[in-house]
Amino acid sequence: MKRQRSLMVLSLVSSMLLAACGSGVPAPNDRLASAEGATRSAHELDAESDPQAALHLKLANEQIEKAKAAMKNEENKQADMLLQRASADAELAVQLAKGAKAKAEAQQAVDRANALRGGK
C-alpha cells in the first residue's frame, strides 16, 4: 500500500513536470533555418537591385533578428510568428527579384531584335 502510494505520488509529480515542460512552445529552429535560407536565396538573386525586393528582404532580415531575440527570451510563439512573416517577406523578395531579372532579360531580347531589324 505504501509502495503504491509512493508510485502514485511519483507519477503525479512526473506528470506535472512533463506538463510544465511541454506547455511551452518549442524553439522554432527549423523555421529559422528556412527563413534564413530564403533570405540567402533573395540575396543570391540580387534582390537588393530591385527596390521592392530590397524592401521585403530588409523586412525579412529585421524580423529574423527580432525572432532571434525572442528565442533568447524563450518567447518562442512570438519568434515563430516573426519567422513566418520573415519567410513570407523573403519569398516575396525572391519572386520580385526573379520578376525583375526576367523583365530585364526580356528587354534585352527586344533590344537585340530591334538592332537586328535595323534599329526600328
Under 8 Å between Cβ atoms, which residue pairs at least 6 apart in sequence (or on different chains) link something in the stretch 100-120 that is surrounded by 10 or more Cβ atoms within 10 Å (Cβ to Cβ) with a partner that is assigned to a loop (DSSP other than H, G, I, E, B) and of a type outside the set (A, V, I, L, M)? Ala100/Asp50; Lys101/Asp46; Asn114/Lys120
Subset of the stretch 91-120, residues under 30 Å from Arg31 (Cα atoms) and out of contact with any Ser or Thr (no Cβ under 6 Å at 6 or more places or on another chain), comes to Glu91, Leu92, Ala93, Gln95, Leu96, Ala97, Lys98, Gly99, Ala100, Lys101, Ala102
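Going by what's in this entry, would Lys103 be described as charged (D, E, K, R) and more than 23 Å from the chain's Cα centre (by Cα)? Let's see the steps before the verdict.
On the way: charged (D, E, K, R): yes; more than 23 Å from the chain's Cα centre (by Cα): yes.
Yes, satisfied.
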Name the residue that is modelled with the highest pLDDT, counting only residues in the stretch 1-25 that are surrounded by 10 or more Cβ atoms within 10 Å (Cβ to Cβ) and within 27 Å of Asn73 (Cβ to Cβ). Val25
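The values are calculated or read from the model by the stated rules, or taken from the named source; none is laboratory data. Keep in mind that this is a model prediction, so the values were computed, not measured. A quick note on method: Cβ atoms are made from the backbone with ideal geometry, for glycine too, and the neighbour counts reach across all protein chains shown.
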